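Let me begin by presenting the structure, written as structure tokens, before commenting on it.
Nothing in this text is a laboratory measurement; each read-out follows from the coordinates by a stated rule. Note that the structure is predicted; figures quoted are calculated from it, not measured. Quick reminder, even Gly has a Cβ in these numbers, built from the backbone with ideal geometry, and neighbours come from all protein chains shown.
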Amino acid sequence: MTPAETLVRQRRAQAKKVRQFVTPEGVDLELKIASSGLRLGALIVDMMLIVGALIVFTLLVIWLGIASRSDIMVSIWMLGGFLLRNFWFIGFELGQRAATPGKRLMGIRVVARDGGRLTADAVVARNLIRELELFLPLTMISVGAAEDMVGAWTALFGLAWALTLSLFLFFNRDRMRMGDLIAGTWVVMATRARLDRDIAAGEAAQAILFDDAELAVYGIYELQELERVLRTSDARTMREVADTIRAKIGRPVAEEDDVFLISYYRQLKARLERGLLFGKRREDKYASD
């Protein structure tokens with residue numbers, strides 16, 4: 001196979017992983033689906049951190065003398081593991097980065113497939129389904145085996161259940177778990193590129209000033225989307241977003257798109273942060289200012 005043919009094949013393989021992600025502003029960010037290997041790596045990292053936290057908590061309980069019996073310790077691990085797992089995944093994915101520490105380390109994040117905001121309902125749904133997919137059968141098997149309450153066939157059935165549902169993501173092109181399918185989410189690559197353009201265009205961006213009325217049209221959600229657009233460094237996407245904002249605020253084209261967007265991003269962020277200091281939080285453009 002020639003180098004040219006290899007390059008073409010690689011490009012086709014990459015193109016198969018790219019999905020349209022149209023924001024409420026009508027901009028297609030063309031996100032790349034995260035591989036199953038990255039997702040598995042993220043899960044392993046998160047579980048190691050969770051187990052580490054449970055070990056620390058267990059040592060603290062023993063040191064304080066709260067519990068010493070083995071049956072109590074098993075209950076602590078079962079209940080603590082369930083609560084910590086769910087608060088861990090749900091809490092981090094509801095954050096601004098929409099990613100747990102494991103996902104951030106692997107450079108991936110969760111997004112809503114419809115291009116809208118990642119809602120709490122979707123995050124809770126995708127993580128509770130993980131309990132049914134993986135953790136519930138494995139917990140029952142491990143605890144039952146420790147107490148001699150689970151037979152070989154029951155353990156085998158539970159293991160087959162966990163593997164079947166967990167391996168679902170290998171058999172669909174979007175690499176979705178059952179939880180993603182039900183919650184309407186994707187796990188995609190999170191661009192890590194630094195905003196070098198922000199540094200290079202610093203003085204030019206500072207020269208553009210927006211009044212309060214021009215900044216009042218957007219909220220936190222749009223600010224996050226604008227940051228994502230700036231990080232993609234895609235000229236076509238930046239032009240579309242810049243044109244959308246200009247049309248929204250009634251401002252003519254008078255500067256480069258990147259300079260315009262950087263300036264608007266900085267000033268919108270500063271305005272929203274000032275509002276938070278006074279207890280005013282505007283979630284998106286539809287919320288009252």
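Protection proxy ranking of 239-247, 104-112, by the mean of other Cβ atoms within 10 Å over each peptide's residues and highest first, is 104-112, 239-247. Note that the stretch 196-277, at 25 °C in a medium of 0.890 mPa s, gets a Stokes-Einstein diffusion coefficient of 192 µm²/s from its Kirkwood radius over C-alpha pairs.
Of the peptides 114-121, 276-283, 262-269, the order by per-residue mean of other Cβ atoms within 10 Å, starting with the highest, comes out as 262-269, 114-121, 276-283.
Each of the peptides 78-84, 42-48 was scored by the mean count of other Cβ atoms within 10 Å over its residues; in descending order, highest first, they stand as 42-48, 78-84.
For Leu31, the amide hydrogen comes within under 5 Å of the amide hydrogens of Arg19, Phe21, counting only partners 5 or more places away or on other chains and with H modelled in the peptide plane.
Given their separation in residues at 0.36 nm each and the Cα-Cα distance between them, Val18 and Leu277 gain 89.3 nm when the chain is fully extended. When +1 charges are put on Lys and Arg Cβ atoms and -1 charges on Asp and Glu Cβ atoms, the dipole computed for the stretch 239-289 relative to its Cα centre reaches about 360 debye. Straightening the chain between Arg251 and Ala287 buys 10.7 nm, computed as 0.36 nm per residue apart minus the Cα-Cα spacing.
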